[in-house]
Amino acid sequence: MPCNTPTFPLFLTALLLALAACGGPQSSPYPALVPSETLLIEEPLSPSPAPELEARAAALKARAAALRSATP
């Protein structure tokens, strides 16, 4: 779009007004920050689901083996 068209100044004015509207006062205050001490506290880990998942995997493998042996 060449700069000598009559719509360019209108477009530029609208763009500048839109950008100026973004810098206005905020309608809500900035949220409070969480203290880093609460983020860095080491909490006990939840129990590992690995034994249950391994048992489920073994049961599925046994079922698959049974289906393979039953299928001609």
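The values are calculated or read from the model by the stated rules, or taken from the named source; none is laboratory data. The structure displayed is predicted, hence computed values, not measured ones. Cβ coordinates were reconstructed from backbone atoms using ideal geometry, including for glycine residues, and neighbour counts include every protein chain displayed.
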Filter result for the condition that a residue is modelled with pLDDT of 80 or more, of a type in the set (Ser, Thr, Tyr) and surrounded by 10 or more Cβ atoms within 10 Å (Cβ to Cβ), over Thr13, Thr5, Thr38: Thr13
Condition test on Glu52, is it under 29 Å from the mean Cα position of the chain (by Cα), modelled with pLDDT of 85 or more and either of a type in the set (D, E, K, R) or not in a helix (DSSP H, G or I) (or both)? yes
